[in-house]
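In what follows, a single structure is set out as structure tokens and then discussed.
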Amino acid sequence: FTDASNPGNVSTHTSASRWVKLSDVQPALQVGSFYDVRTRAVIDGVGMCYGNVCQIGISSAMPPAGNYTLRTIIDESGEVIQVRDGLNFGINPNPSNDIFTVSLFTNQTELVGINVYDMTGRMIQSHEVDPSNDQFRFGDDLIPGVYMVEFTQGPTLRQTMKVAKTN
């Protein structure tokens, strides 16, 4: 894990399986940072070639305390996902070559903050949406790339999703 804004800051983790808990990476990954991630297999003690680089963003070390519950739902494509009651959303289409449509589902009355970040962690757009408007559109002015979209509501509800803008 190489810090995208500070390439000299490298964290590592060795796993006996192909799964990695981000909390096990040392030194610890920092909330609000983006990392270039490379993996490689080690077979009989011999390190193989590294795979392609992907980039991740760390939006929150733990869900903030709040009055919500975690539940499992199945989305329209059949994918099983974990959601926190209180602030839920969907973004379609994703990826998109034009406009993203956000569908909001919340039981709160406070405005929903929607912040769009590029992969360096720089905020590109910031919006506030009335939760009674169950749909919001954005992204027609984004250049092709990968973005993190952060949704916030009140002091405790926060969730993030990755979107891809294509040509």
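The values are calculated or read from the model by the stated rules, or taken from the named source; none is laboratory data. Computed from a predicted model, the values in this text were never measured in an experiment. Here the Cβ positions follow ideal geometry from the backbone for every residue, glycine too, while neighbour counts run over all protein chains shown. Note: areas computed on protein heavy atoms with side chains; ligands, DNA, RNA excluded. Shrake-Rupley method; radii C 1.70, N 1.55, O 1.52, S 1.80 Å.
What is the one condition in (1) modelled with pLDDT of 90 or more; (2) not in a strand (DSSP E or B) that Met148 does not satisfy?
Of (1) modelled with pLDDT of 90 or more; (2) not in a strand (DSSP E or B), only one is false for Met148: (2).
Within segment 1-35, take every residue that is within 23 Å of Arg158 (Cα to Cα) and polar (S, T, N, Q) and give me the one that is least open to solvent (accessible area, probe 1.4 Å).
Ser33
Can you give me the number of residues within segment 4-57 that are in contact with a helix residue (DSSP H, G or I) (Cβ under 7 Å, 6 or more places away or on another chain) and among the hydrophobic types (A, V, I, L, M, F, W, C)? Break it down stepwise before answering.
Keep residues of segment 4-57 that are in contact with a helix residue (DSSP H, G or I) (Cβ under 7 Å, 6 or more places away or on another chain), which gives 13, 29.
With among the hydrophobic types (A, V, I, L, M, F, W, C) added as a condition, the list becomes 29.
Residues flagged as in contact with a helix residue (DSSP H, G or I) (Cβ under 7 Å, 6 or more places away or on another chain) and among the hydrophobic types (A, V, I, L, M, F, W, C) within segment 4-57 amount to 1.
So Ile124 fits all but one of (1) outside any strand (DSSP E or B); (2) at pLDDT 85 or above; what number is the exception?
(1)
Restricting attention to segment 21-52, which residues are assigned to a loop (DSSP other than H, G, I, E, B) and under 17 Å from the mean Cα position of the chain (by Cα)?
So the first thing to find is which residues in segment 21-52 are assigned to a loop (DSSP other than H, G, I, E, B), and the list is 21, 25, 27-33, 38-41, 44-45, 48-52.
Once the filter is applied, which keeps residues that are assigned to a loop (DSSP other than H, G, I, E, B) and under 17 Å from the mean Cα position of the chain (by Cα), segment 21-52 yields Lys21, Leu29, Gln30, Val31, Gly32, Ser33.
Could you tell me which of the residues Ile91, Ile143, Ile81 is at pLDDT 80 or above and under 16 Å from the mean Cα position of the chain (by Cα)?
Ile91
Output the residue which, of all residues in segment 36-60 that are in contact with a Phe, Trp or Tyr (Cβ under 8 Å, 6 or more places away or on another chain) and within 16 Å of Met148 (Cα to Cα), is surrounded by the most Cβ atoms within 10 Å (Cβ to Cβ).
Taking segment 36-60 first, the residues in contact with a Phe, Trp or Tyr (Cβ under 8 Å, 6 or more places away or on another chain) are 36-40, 55-58.
Still in the running and within 16 Å of Met148 (Cα to Cα): 36, 55-58.
Details: Asp36: 15, Gln55: 15, Ile56: 17, Gly57: 22, Ile58: 18.
Among those that are in contact with a Phe, Trp or Tyr (Cβ under 8 Å, 6 or more places away or on another chain) and within 16 Å of Met148 (Cα to Cα), it is Gly57.
Just to verify a result, which residue in segment 90-105, among those that are open to solvent by 40 Å² or more (accessible area, probe 1.4 Å) and in a strand (DSSP E or B), is nearest to Asp134 (Cα to Cα)? Write out each step before concluding.
Within segment 90-105, the first condition is being open to solvent by 40 Å² or more (accessible area, probe 1.4 Å), and the residues that meet it are 92-95, 97-99, 105.
Retained after the next criterion (residues that are in a strand (DSSP E or B)): 92, 105.
Working: Asn92: 13, Phe105: 7 Å.
Once the filter is applied, the top-ranked residue is Phe105.
What are the pairs with Cβ atoms under 8 angstrom where one residue, in segment 1-16, is under 13 Å from Ile58 (Cα atoms) and the other, located anywhere, is outside any loop (DSSP other than H, G, I, E, B) and charged (D, E, K, R)? Sequence gap at least six, or different chains.
Phe1/Asp36; Thr2/Asp36; Ala4/Asp36
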